[in-house]
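Scroll down for the structure; my scribbles are underneath it.
The values are calculated or read from the model by the stated rules, or taken from the named source; none is laboratory data. For clarity, every value in this text was computed on a predicted model and none was experimentally measured. Cβ: placed from backbone, ideal geometry, glycine included. Neighbour counts: every protein chain shown.
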Amino acid sequence: MKVIKTLILFFILSSCYNKKALEKYDKNGNLIVYNEQVYAEMWVKNKNLKVTVIDTFCINQKERAIKDIKKGKLVYFGFNNYEFKILSKILRKYGIVSKETLRRSVRLGGFEPYCYENEMQKEIERRFGKFFIDSISEIAKKEFIKENPDIEYIEDGVDLREKYNLK
């Protein structure tokens, strides 16, 4: 337990040290913002911010994704719809782990959310093709509907049970 506490303390102290080493202003004299929360707080006070954004979180998330990919780890991020469990089971056969996620559509300044997730998606598309997830999702939907013919599944105004001739 002491080892874990020591490691946590080390990471906290090293992150504080790194923050002191970060530049405060760019070459034009604009304040540099490294954190989305700090940017949001500043923006609330002044909607006409003139800052330079360096998204260190995104940079770190991309690096982590690249390291995970090199280790052979692939992760698909999706939302929990009816067929998510079936989809996850199928993806495991291809060495892809599934995790649930909800995405926001708001993006502040130059900060990019979902950098890890996007890198993983690019790698999955690179290895398996652009429409791989869509194809697997369609298979999973059909399997879910076959296993649950009494559950209404409406998509784009169409009951998929009718589409798959199960009603």
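Name the single residue that is nearest to residue 86 (Cα to Cα) among those in the stretch 149-165 being part of a helix (DSSP H, G or I) and among the charged types (D, E, K, R). Steps first, answer last, please.
The initial filter retains those residues of the stretch 149-165 that are part of a helix (DSSP H, G or I), namely 160-163.
Retained after the next criterion (residues that are among the charged types (D, E, K, R)): 161-163.
Values: 161: 17, 162: 20, 163: 19 Å.
Step by step, filter the stretch 149-165, then rank; the result is 161.
What number of residues within the stretch 75-87 are surrounded by fewer than 13 Cβ atoms within 10 Å (Cβ to Cβ) and touching a Gly at 6+ places or on another chain (Cβ under 8 Å)?
0
What about residue 146, is it more than 20 Å from residue 61 (Cα to Cα) and either without any contact (Cβ under 8 Å) to a residue 24 or more places away in the chain or not in a loop (DSSP other than H, G, I, E, B) (or both)?
yes
How about the stretch 33-48: which of its residues are of a type outside the set (A, V, I, L, M) and more than 22 Å from residue 115 (Cβ to Cβ)?
Let us first name the residues in the stretch 33-48 that are of a type outside the set (A, V, I, L, M), namely 34-37, 39, 41, 43, 45-48.
Residues satisfying the conditions are 45, 46, 47, 48.
Out of the residues in the stretch 14-62 that are touching an Asp or Glu at 6+ places or on another chain (Cβ under 9 Å) and of a type in the set (D, E, K, R), which is modelled with the highest pLDDT?
Within the stretch 14-62, the match that is modelled with the highest pLDDT is 62.
Can you find even one residue in the stretch 60-74 that is crowded, with 16+ Cβ neighbours inside 10 Å, touching a residue at least 24 places away in the same chain (Cβ under 8 Å) and closer than 30 Å to residue 148 by Cα?
Checked the stretch 60-74: at least one residue is crowded, with 16+ Cβ neighbours inside 10 Å, touching a residue at least 24 places away in the same chain (Cβ under 8 Å) and closer than 30 Å to residue 148 by Cα.
Quick one: residue 53 ticks every box in (1) hydrophobic (A, V, I, L, M, F, W, C); (2) within 30 Å of residue 141 (Cα to Cα); (3) surrounded by 14 or more Cβ atoms within 10 Å (Cβ to Cβ) except a single one, so which number is it?
(2)
Just for the stretch 90-136: of the residues that are part of a loop (DSSP other than H, G, I, E, B) and modelled with pLDDT of 95 or more, which one is farthest from the chain's Cα centre (by Cα)? First the steps, then the outcome.
First, pick out the residues of the stretch 90-136 that are part of a loop (DSSP other than H, G, I, E, B): 93-95, 101-114, 129-131.
Right, trim to modelled with pLDDT of 95 or more and you get 93-95, 129-131.
Details: 93: 21, 94: 20, 95: 18, 129: 19, 130: 17, 131: 18 Å.
Checking each candidate, the answer is 93.
Is the stretch 145-162 home to any residue that is surrounded by 14 or more Cβ atoms within 10 Å (Cβ to Cβ), out of contact with any helix residue (DSSP H, G or I) (no Cβ under 6 Å at 6 or more places or on another chain) and within 19 Å of residue 67 (Cβ to Cβ)?
Taking the stretch 145-162 and keeping what is surrounded by 14 or more Cβ atoms within 10 Å (Cβ to Cβ), we get 145, 148, 153, 159-161.
Going one step further and asking which of them are out of contact with any helix residue (DSSP H, G or I) (no Cβ under 6 Å at 6 or more places or on another chain), we end up with 148, 159.
Now drop any that are not within 19 Å of residue 67 (Cβ to Cβ), which leaves none.
No, the stretch 145-162 contains no residue that is surrounded by 14 or more Cβ atoms within 10 Å (Cβ to Cβ), out of contact with any helix residue (DSSP H, G or I) (no Cβ under 6 Å at 6 or more places or on another chain) and within 19 Å of residue 67 (Cβ to Cβ).
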